[in-house]
Amino acid sequence: MLHIKNLDEGLELFKALGSDIRIEIINILLKESGMNMNELAKKLKITNGALTSHIRKLEECGIVTVSAEGSGHGNQKFCSVNLDKILIDIQDAPVPTNVYSAEIKVGHFNDYEVYPTCGLASSKNLIGEVDDTRYFAHQDRFDADILWFTRGYVEYGIPNFIPVGQQIDEICISAELSSEAPGVNNVWPSDIYFSLNGTELGTWTSPGDFGDVKGIFTPDWWFPNWNQYGMLKMLVIGHKGTFIDGIMISKVTIDDLALTSKSSLKLRLEVPENAKNVGGLTIFGKGFGNYNQDINVKIAYSPIE
């Protein structure tokens, strides 16, 4: 997901999308799950030079990713769409004056129950053995920058260092997520449940376990037939309900949770056994995927009335 926070910020994106042929390029890449430059130029009936100019504009805006193909004649470039959603704020959102921010490393979970296929890795190496759940309790798990499992959950403690005597008005959590298939499969839906302090907030269905192209930040040593990148999802619990990427997923509000500076905050990400789509979960942190971030948290607060 790309979040454009005001119209000025999105000017170059709007220019890139203000072209019939570039819209056609995006539609073709979505339909074909990517295509190399030569094939795309032939399909569009334009020269490779003209296509390169259009692709460059789409790449600069983060809409399209270009990578070198692993096989074939010549120096082929493979193009694919990098985004699933574009969220545009037409009006500038009011900026909370009191915000506490924190980053949580993927391996810093406090509780877990996971089932194979599963594993953890830092940006430098695997942690223990894959499909051995014991390593989720190993001390080296704190170094993990990616983790995955078929079903179960991981639970994180969100640091709460807002000033004493304050109430929490909104919690915004962003993380790069995908499903977990045996190998990789871009069409592998998984229902991912989110809860806070034991209250279910809602679900998001990940469409797949993405491995069609290498993640922008995924290290070179990573295996090509494993998870490469995910989707950046933004979970917001506020006064009007709970939202993912601006779409309401439940009517649970921050007021229902009655959180203050004294509250512990336990965030659980789960794929339960009874979900309709049990397709696993992969969480990407820094050094993996397309966004190079850990689990980011922002807590807006105000004095208790």
How many residues of region 123-144 are in a loop (DSSP other than H, G, I, E, B) and either over 22 Å from Gly215 (Cα atoms) or modelled with pLDDT under 95 (or both)? The answer is 6
With among the β-branched types (Val, Ile, Thr), in contact with a strand residue (DSSP E or B) (Cβ under 8 Å, 6 or more places away or on another chain), buried (at least 16 other Cβ atoms within 10 Å of the Cβ) and not in a loop (DSSP other than H, G, I, E, B) as the only criterion, which of Ile216, Ile173 stands out? Ile173
List the residue pairs whose Cβ atoms are under 6 Å apart, where the first residue sits in region 174-185 and is charged (D, E, K, R), the second is crowded, with 20+ Cβ neighbours inside 10 Å and in a strand (DSSP E or B), and the two are 6 or more positions apart or on different chains. Glu176/Leu232; Glu176/Phe284; Glu180/Trp148; Glu180/Thr150; Glu180/Asp209; Glu180/Leu281; Glu180/Thr282
Looking at region 135-143, can you tell me whether even one residue there is touching a residue at least 40 places away in the same chain (Cβ under 8 Å) and either in the same structural domain as Asp294 (by TED's automatic domain parsing) or surrounded by 22 or more Cβ atoms within 10 Å (Cβ to Cβ) (or both)? no
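Quick grid of which residues meet (1) farther than 30 Å from Ser123 by Cβ; (2) among the basic types (Lys, Arg); (3) touching a Lys or Arg at 6+ places or on another chain (Cβ under 8 Å); (4) outside the structural domain of Gly107 (by TED's automatic domain parsing):
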| position | (1), (2), (3), (4) |
| --- | --- |
| Asp191 | no, no, yes, no |
| Trp204 | no, no, yes, no |
| Gly211 | no, no, no, no |
| Asn227 | no, no, no, no |
| Gly230 | no, no, no, no |
| Ile244 | no, no, yes, no |
| Asp255 | yes, no, no, no |
| Ser263 | yes, no, no, no |
| Gly280 | no, no, yes, no |
Pick from region 145-170, criterion in a loop (DSSP other than H, G, I, E, B) and not β-branched (Val, Ile, Thr), ranking: farthest from Val106 (Cα to Cα): Gly165
Residue check, Val130 over 30 Å from Val64 (Cα atoms), in contact with a helix residue (DSSP H, G or I) (Cβ under 6 Å, 6 or more places away or on another chain) and either in contact (Cβ under 8 Å) with a residue 60 or more places away in the chain or not polar (S, T, N, Q) (or both): no
Counting only helices (runs of 4 or more DSSP H) wholly inside region 1-58, the ones holding at least 2 residues that are in contact with a strand residue (DSSP E or B) (Cβ under 8 Å, 6 or more places away or on another chain), at pLDDT 90 or above and surrounded by 13 or more Cβ atoms within 10 Å (Cβ to Cβ) are 20-32, 37-44
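The values are calculated or read from the model by the stated rules, or taken from the named source; none is laboratory data. Please read these numbers as outputs of a predicted model, since none were measured by experiment. Here Cβ is always computed from backbone atoms with ideal geometry, including for glycine, and neighbour counts include all displayed protein chains.
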